[in-house]
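Inspection log for the structure reproduced underneath, given as structure tokens.
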Amino acid sequence: MSRRGQIHFISHNAPKNKRVLLRVDFNVSLSKSRRISDDVRIREAIPTIKLLLENKNKVIVVSHLGRPEGRRDVRYSLSPVARRLGEFLPKKYSVKLVAGFESDNDKKIFETQGENEVIMLENIRFWGGEQKNDPEFAKALASLADVYVNDAFGVSHRADASVVGVAKYLPSYGGLLLKHEIQEIDDIIDVPRAPIVSIIGGAKIETKVPVISKLIEFSDTVVVGGAIANTFLAAKGTKVGKSLVEDEEEALARKIMRLAEEHGTELVLPQDVVVGTLDGDTSEVCDLSEVPTGKMILDIGPKTEALLGEIVARARTIIWNGPMGYNENPQFARGTEFLFYSIANSSAKSLVGGGDTIVSIAKEEHLENITHISTGGGAMLEYIEHETLPGIEALRAVTRN
Ligand code: ADP
Ligand code: MG
């Protein structure tokens, strides 16, 4: 890890009386009717926003939502998020959603930002320059403010303009959530107690499979569930019907299986599964040899749950990211729920994270039994892998000292 420069975190002393460009991760899940399914990520950033406001700063909030791929698309507007943010702030503050920042008219809105006004810029991924980390785009964004604050742990593994780029042009700070995430994760991974069990599920195969290699080195046992497991099962010759599988990744899955053997790491895949269709209102448990050709694997089965229960019970450190099944449909939510309660009942130190993962457990009881719930999924895993992230490195004040 690069320790060349110090990171400054915001405090009661600084920044004060500045225009602050604040990157947050308000990438919340929206329902089909565009209601916010869970607002944890908004709530987690409130202490930072409140502190910045108490310090008499003018705050410009920047976030992405979903993957609009550089195009303006109302389905990904931050308007429900701006409204929800307003509900969490003291009454005297209003939140104003602003569509752009480049035209003279737009610039005027920023120049005349009121004392008690928080500006939220529309979804930053409406601009193609964001994910390309275009320097001109970053510079234009930076010109809106005197100071940059990153409180977006969940997206700090992305070298995007509003995460990494703007820090080149402005004095930069970490926010309180970023600080808390780093401290809590360091606490768990710096001196982990064995046995270490890592559990990976969810669907973002291309981002997660590479990280699994690192987890294989780091852990005594790695459990793979969710849609990601389908790729592993397919690579082993299991007929997975219509399940979500990424053929290109099968070779990688095989490589990971070999790596596990070399390291003597136990790699656990589903032993049985629950199959059905995405919107179906029925489901069926079956063994791996019996997956019907027309159906999808959408959850882990009861035998697998029992095995997971045993593994979790003997673990002393647990890292979990990604639902075990397609839990948006309650038919396929059981595996994830079972896993959550196994972890909550264990005495192990536990680190649980991921946008969809936290949504899937948000309404459960005993959340307090989890040592740390991270707002980051990919970010949490990459932080474990590299012990830092691009967004964190960008805050190191090397050039300015
Ligand atoms: P996180 O946001 O917690 O990092 P991901 O975004 O990787 O998690 O994955 C979450 C998504 O994976 C959820 O939408 C869930 O429905 C989906 N998923 C999990 N298992 C399956 C499966 N077997 N088939 C299809 N989708 C699945
Ligand atoms: Mg997700």
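The values are calculated or read from the model by the stated rules, or taken from the named source; none is laboratory data. Note that this is a predicted model, so its numbers are computed, not measured. Glycine gets a Cβ as well: all are built from the backbone with ideal geometry, and neighbour counts include every protein chain shown. The area values use the complete protein model at the heavy-atom level, side chains included, leaving out ligands, DNA and RNA. Shrake-Rupley method; radii C 1.70, N 1.55, O 1.52, S 1.80 Å.
Quick notes on this structure:
- Flag: VAL59 matches the condition of being within 15 Å of ARG19 (Cα to Cα), surrounded by 13 or more Cβ atoms within 10 Å (Cβ to Cβ) and of a type in the set (Val, Ile, Thr).
- All positions within segment 360-398 that are surrounded by 22 or more Cβ atoms within 10 Å (Cβ to Cβ) and either at positive phi or among the polar types (S, T, N, Q) (or both): SER360, SER374, THR375
- Elements of the type strands (runs of 3 or more DSSP E) sitting completely within segment 161-242 and holding at least 1 residues that are open to solvent by less than 10 Å² (accessible area, probe 1.4 Å) and within 16 Å of ligand 1 (Cβ to nearest atom): these cover 196-200, 221-224.
- Within segment 352-375, the set of residues being over 13 Å from SER29 (Cβ atoms) and within 8 Å of ligand 1 (Cβ to nearest atom) comprises GLY353 only.
- Within segment 260-283, tally of residues that are over 13 Å from VAL224 (Cβ atoms) and not acidic (Asp, Glu): 10
- Residues in segment 310-319 that are in contact with a Ser or Thr (Cβ under 7 Å, 6 or more places away or on another chain) and open to solvent by less than 20 Å² (accessible area, probe 1.4 Å): ILE311, VAL312, ALA315, ILE318, ILE319.
- Residues that are touching a Lys or Arg at 6+ places or on another chain (Cβ under 8 Å), outside any loop (DSSP other than H, G, I, E, B) and either touching a residue at least 40 places away in the same chain (Cβ under 8 Å) or closer than 24 Å to PHE332 by Cα (or both), drawn from segment 254-286: ASP272, VAL274, VAL275, GLY276, GLU284
- Residue list for segment 146-156, restricted to those being out of contact with any helix residue (DSSP H, G or I) (no Cβ under 8 Å at 6 or more places or on another chain) and open to solvent by less than 10 Å² (accessible area, probe 1.4 Å): VAL147
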